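Participant: Let me give you the structure first, and then I'll get to my questions.
The values are calculated or read from the model by the stated rules, or taken from the named source; none is laboratory data. Quick caveat, the model's predicted, so the values are computed rather than measured. No Cβ is skipped: glycine too gets one built from the backbone with ideal geometry, and neighbour counts run over all protein chains shown. These area figures cover heavy atoms from the full protein model, side chains too; ligands, DNA and RNA do not enter into them. Shrake-Rupley method; radii C 1.70, N 1.55, O 1.52, S 1.80 Å.
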Amino acid sequence: MTGLTTGAPPSAGVAEGVFHDADAFSRRVRRHPLFVPDEPIVIARAPGRFDVLGGIADYAGGLVLGLPTRAAALAAAQAAHDGRVIAVSGTRRFAIEAADLFEPPLADLSRRLSGPDAWAAYVLGPVALLWRERRLPPSGLRLLLSSSVPEGKGLGSSAAVAVASAYAVSVAFGLSLEARHIALLGQRGEQLLAGAPCGVMDQMTAACGAAAHLLALICRPAEVVGSFELPPGLAVWGIDSGVRHAVHGAPYRRVRCASFMGKSLLRVEDDYLTAVSPRELDAERLPERMTGAEFLRVRDGVDDEMSVIEPEVEYPVRAATLHPVEEHARVETFLRLLDGPMSRSRARLLGDVMAASHEGYSRCGLGAPETDGIVEAVRSAGWERGLIGARVSGGGSGGTVVVLGREEAEPAVRRLAETLGVELVGGTSPGASSFGTRVV
């Protein structure tokens, strides 16, 4: 694409808003009783993400497109000398001895970071992994979080707090980490300590994204293909359907597991299912659905540590195996279509790609009537009203519908949000690595 860039600086308006938020947070941090006066405090920022295309193909090694949101998480970290780790987010507070965070087996720590304290797994999980990775001695820590990314809406809220926290803490302790490394720590923290079988799209977009640019990422495991500027005059919005979404929920887990079951049944030897093209994938050999017990009679298991095959559960094997392979190809098509002047015919083709992605989610069992209604309304409005297409984002089963259209179509999108959803989410901003850190 001609819009390929290494990550252009944000526009003056975007930068002003981002730094205004950071300034306000910095003032709050300096007055907060959590921190020791006259000791350095490191502030980091990480946005949420719009899943423009790709979504759940990330766990299958697919090509995905993420766009950082204007909404973001801010984290402030300060090294402490009392051997205690304290994290605060709004009215939530979690305290633990440093040795109990950094030394026990991860399974024991995961149980500690559960129930009412489950939020702390996203915040402190990456930090616990970093300490083990670097074999660092237990250290005291103070960590304050503030996030404007809506939770449970499929906008990467957990990835935003994980990346912001890991970035702030690493700098506070004098560690120099690449953005990709921080993203992978965030993903593993979610998987191992929060129990969320997530891919890496959210964390990589939060860490490596650029304002108004689509981050093209091939998840094998996390390689940036490029950063593509949105064509002039186009914008992305999110319409909150009002249906709460969770990556750790049963539907997402079932579909992820089913895709690895299909990979095993087809004896795909490559590490990643999406290395197989749609033409090469013989989906007709797969059962449409099968129980875990039926699968375990013919295979010993799957090559995915995050999947647990439950004998009594029925899995949508064919749809879940086919979707990431087709989605990988759809993302390639989408990028080609974006590379050129926008026209009615090109907009229609882009909308068709987004609609096919949305339908793929539904075939897997990740649809919802509320998100279907929003997608159909966008399709019906069409290019005449400045709208190109829409699809459910993230793990599906509710959450946010991502809408692509002309900038001047925002009033129309807002009306759809008011009539069919509960909130409009808009705007974009730089990722954590572009923002950097500040010391107060």
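Participant: Given the peptides 417-428, 366-377, arrange them by the average over their residues of other C-beta atoms within 10 Å, most packed first.
Facilitator: 366-377, 417-428
Participant: Order Trp119, Trp383 by their accessible area, 1.4 angstrom probe, all chains in place, largest first.
Facilitator: From most accessible down to least: Trp383, Trp119.
Participant: Here's another thing I want to ask about it. Enter the per residue convex hull volume of the chain, computed from alpha-carbon coordinates, in Å³ rounded to the nearest integer.
Facilitator: Value for the chain: 137 Å³ per residue.
Participant: Oh, and also: Let's see if you can work this out: charge +1 on each Lys and Arg Cβ, -1 on each Asp and Glu Cβ, no other charges. What is the dipole magnitude of the range 116-188 about its Cα centre, in debye to the nearest 20?
Facilitator: Using Cβ point charges on Lys, Arg, Asp and Glu, the range 116-188 gives about 180 debye.
Participant: Can you classify the range 16-142 as rounded, prolate or oblate using the Cα gyration tensor, where a ≥ b ≥ c are the square roots of its eigenvalues, rounded means a/c under 1.5, and otherwise it's prolate if a/b beats b/c and oblate if not?
Facilitator: Oblate.
Participant: Scan around Thr291 for amide H atoms under 5 Å from its own, H built in the peptide plane at 1.01 Å from N, and keep only partners 5 or more places away or cross-chain.
Facilitator: When sequence neighbours closer than 5 places are left aside, the close amide H contacts are Tyr315.
Participant: How big is the charge dipole of the chain about its Cα centre, in debye rounded to the nearest 20, if each Lys and Arg gets +1 on its Cβ and each Asp and Glu gets -1 on its Cβ?
Facilitator: Taking the Cα centre of the chain as origin, the dipole is about 680 debye.
Participant: Summing -39500 (n - 2.57) over the DSSP H runs of n ≥ 4 in the chain and dividing by its residue number, what mean residue ellipticity at 222 nm do you reach, to the nearest 500 deg cm²/dmol?
Facilitator: It lands at -12500 deg cm²/dmol.
Participant: If you don't mind, there's one more thing I want to ask. Can you find, among Val375, Gly399, Leu338, the residue farthest towards the positive end of the dipole of the range 312-440? Put +1 on the C-beta of Lys and Arg, -1 on that of Asp and Glu.
Facilitator: Farthest towards the positive end: Leu338.
Participant: Top to bottom by accessible area (1.4 Å), largest first, where do Ile218, Ile86 land?
Facilitator: Solvent-accessible surface, decreasing: Ile218, Ile86.
Participant: For the chain, build the charge dipole from Cβ charges (+1 Lys, Arg; -1 Asp, Glu) around the Cα centre, then report which of Pro37, Val171, Leu143 sits farthest towards its positive end.
Facilitator: It is Pro37.
Participant: In Å and on Cα atoms, what radius of gyration and Dmax does the range 240-389 show?
Facilitator: Calculated on Cα positions, Rg and Dmax stand at 17.4, 54 Å.
Participant: Given springs between every Cα pair under 10 Å in a Gaussian network model of the chain, which of Gly262, Gly90, Gly399 has the largest fluctuation?
Facilitator: The residue with the greatest mean-square fluctuation here is Gly90.
Participant: Sorting Thr91, Thr291 by accessible area (1.4 Å probe), largest first, what list results?
Facilitator: From most exposed to least exposed: Thr91, Thr291.
Participant: Counting only trypsin sites (Lys or Arg not before Pro) that sit in a DSSP loop (anything but H, G, I, E, B) with at most 10 other Cβ atoms within 10 Å, what is the longest stretch of the chain containing none of them?
Facilitator: Longest stretch, sites excluded: 298-440.
Participant: Just the number: Rg to Rh for the range 340-440, Cα atoms, Kirkwood Rh, two decimals.
Facilitator: 1.05
Participant: Can you give the convex hull volume per residue for the Cα atoms of the range 87-192, as a whole number of Å³?
Facilitator: Considering the Cα atoms of the range 87-192, their hull volume per residue is 99 Å³.
Participant: Hey, what's the range 152-228 come to in accessible area per residue, 1.4 Å probe, Å²?
Facilitator: Dividing the accessible area of the range 152-228 by its residue count gives 23 Å².
Participant: Could you tell me how far the Cα centroid of the range 86-134 sits from the Cα centroid of the range 145-215, in Å?
Facilitator: 16 Å
Participant: What is the magnitude of the charge dipole of the range 284-440 about its Cα centre, with +1 placed on the Cβ of each Lys and Arg, -1 on the Cβ of each Asp and Glu, and no other charges, expressed in debye to the nearest 20?
Facilitator: Taking the Cα centre of the range 284-440 as origin, the dipole is about 660 debye.
Participant: So, one more: When you take every Cα atom in the range 315-393, what is the radius of gyration, and what is Dmax, the widest Cα pair distance, in Å?
Facilitator: Cα-based Rg and Dmax for the range 315-393 come out at 13.2, 42 Å.
Participant: Quick one: Karplus J couplings for the range 325-330, per residue in order, coefficients 6.51, -1.76, 1.60, θ = phi - 60°, nearest Hz, x for Gly and Pro?
Facilitator: Here the 3J(HN,Hα) series is 5, 5, 5, 4, 5, 5 Hz.
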